[in-house]
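What follows is a set of notes on a single structure, which appears directly below.
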Amino acid sequence: MINIPKGTKDVLPADSYKWQYVEGIARDIAKTFCLKEIRTPVFEHTELFLRGVGDTTDIVTKEMYTFKDKGDRSITLKPEGTAGAARSYIENGLGNGVLPAKLYYIIPAFRYERPQAGRLREFHQFGVEIFGAKGADTDAEAILIADSLLKKLGLQVKLYINSIGCPTCRKAYNKALREFFAPHLDELCYDCKTRFEKNPLRLLDCKEENCKKINANAPTILDHLCEDCSAHFESLKSYLALAGVSYEINPRIVRGLDYYTRTVFEFVSTSIGAQGTVCGGGRYDGLIEELGGNPAPAVGFAVGLERLLMLMEQTGVEIPCNENPTVYLAGMDADCRKKAFEICVKLRGNGILSEIDHMERSVKAQFKYADKIGAKYVAVIGGNELEAGVMNVKNMATGESESVAFENAVEFFKNK
Ligand code: HAM
């Protein structure tokens, strides 16, 4: 017996409607906000993520699925969607077309993490990237898209926002961080010692208990923002107020990817504990240039679909299932079954969800099966019915039965 790889999950037939429901709503909301879908490969050149996501991040240093292909190229399964979307934006000259380029995607992503509830090695994201617009109204729009999705799905989450500034204010902040952490250098974990040298902002993202304790008193970026970044953050707040979205400023949010500038945000639920962050995003004005494109501002986010579904289940959000057949056609003998088959073909041809027996079951067993698959009606064709050209239709919810002529079947079931 070969088992599923650790940290991955099958979506079984009994659950797939939940995924379709969530993905359907995500697509509808994307349409409302005039976003267009982009599909990029599941794997990219490793270099894209080294440069894009950042070589001091946990994702790049510890979690990537990287391998050599048969042509000796280093390939990586995408650990997130932004770098691939940015690569495609540059490569396909989307910046020369209609701006802003407002894109969304639904993708699998891969990170070699320690699996636990809400943390997988293969997971799925609904993501949004808006390229070409620098104003904070666009940051607010990105937040609003995520907010609309989470609200539409009936979830209670808290929005945290922060600004991590631009390279100019980051320089001053990095200096302040180094000054703060220098006396604690010996107490920091191995990774944090490297972070101290290469990218002190990453120190704030460490998950080690001891480092977290030291971090608690570190200076905050909000005290080091330059005038422009400060104005941008104020503007974001005013747009969020206009949209009626409530938020909390959390200066500890720095995000686990290196491309962010200015706005960063997370939507967090308290009910799924450690993996409570269902959505994360922010502005990344330097990434396109970093990847070799003409400079272009950008902002986006991604929602983790497994975490979303887990949260919906935990909080008892009902997901409607409209996959149950409208009618199950049961035939008594070989001739009746043929008639059932013929009517079934006609019903399906008219878009009516219909099912028949494929297992040569008795009528009684067919009824049982129809009940199991949630058929709304069971239409029985026996010898007498076949002769009279009718079927005996039972409403499974009320138990009431009525006779329906074969030629009226489509009309009868059309709006049931
Ligand atoms: P991220 O915060 O790394 O950001 O991931 C976004 C969301 O993906 C998380 O909030 C979480 O719900 C989900 N997620 C991440 N890792 C896992 C995992 N191992 N298992 C299950 N779910 C997970 C990004 O990926 C950025 N690309 C978001 C972005 C887009 N920023 C700008 N544009």
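In this label model, Ala365 and Ala182 are separated by 8.2 nm, measuring between points 7 Å along each Cα→Cβ vector. Set against the 2.2 N^0.38 Å expectation for a compact globular protein, the range 148-280 has a Cα radius of gyration ratio of 1.13.
Highest mobility in the GNM of the chain, judged by mean-square fluctuation with C-alpha springs under 10 Å and restricted to Glu37, Glu323, Glu113, is found for Glu323. Counting only protein heavy atoms and using a 1.4 Å probe, what share of the accessible area of the chain belongs to carbon plus sulfur, as a whole percent? Here carbon and sulfur together make up 50 percent of the probe-accessible area. Accessible surface comparison of Leu12, Leu347, probe 1.4 Å, protein chains only, largest first: the order is Leu12, Leu347.
Here is the list for the range 329-371: GluC sites (Glu not before Pro) lying in DSSP coil, each with at most 12 other C-beta atoms within 10 angstrom of its C-beta, are Glu360. Taking the square roots of 5 times each eigenvalue of the Cα gyration tensor of the range 200-348, largest first, gives ellipsoid semi-axes of 52, 21, 16 Å.
For Lys207, a cut-off of 17 angstrom between C-alpha atoms picks up these lysines, skipping any fewer than 8 places away in its own chain: Lys62, Lys193.
Probing with 1.4 Å while keeping every protein chain in the model, the per residue accessible area of the range 116-187 equals 41 Å².
Per-residue packing, averaged as other Cβ atoms within 10 Å, sorts the ranges 80-89, 59-68 into the order 80-89, 59-68, beginning with the highest.
For the range 258-416, a Kirkwood hydrodynamic radius built from all Cα pairs, placed in the Stokes-Einstein relation at 10 °C and 1.306 mPa s, yields a translational diffusion coefficient of 80 µm²/s. Taking Arg361, Arg307, Arg73 in turn, the Gaussian network model of the chain (Cα-Cα springs below 10 Å) assigns the largest fluctuation to Arg361. Roughly how far apart, in whole Å, are the Cα centres of the range 49-127 and the range 209-233? Going from one Cα centre to the other spans 27 Å. Each of Asn322, Ile381, Asn408 was placed along the dipole of the range 315-416 (beta-carbon charges, centred on the mean Cα), and the one lying farthest toward the positive end is Asn322. Past the 23 Å Cα-Cα mark, which pairs from Lys339/Lys416; Lys175/Lys212; Lys158/Lys237; Lys152/Lys212? From Lys339/Lys416; Lys175/Lys212; Lys158/Lys237; Lys152/Lys212, over 23 Å: Lys152/Lys212.
Compared with the dominant Cα axis of the chain, that is its longest principal axis, helix 227-243 is turned about 30°. Given in Å, the Rg to one decimal and the Dmax to the nearest whole number for the Cα atoms of the chain are 27.6, 94. Excluding same-chain neighbours fewer than eight residues apart, the aspartates and glutamates reachable from Lys376 by a Cα-Cα span under 12 Å are Glu323, Glu355, Glu400. Compactness ratio for the range 289-333: Cα radius of gyration over 2.2 N^0.38 Å (N = residue count) comes to 2.49.
The values are calculated or read from the model by the stated rules, or taken from the named source; none is laboratory data. Because the structure is a prediction, the values reported are computed rather than measured. Note that we place each Cβ from the backbone using ideal geometry, even for glycine, and neighbour counts take in every protein chain shown. Side chains included, ligands, DNA and RNA excluded: accessible areas come from the protein's heavy atoms. Shrake-Rupley method; radii C 1.70, N 1.55, O 1.52, S 1.80 Å.
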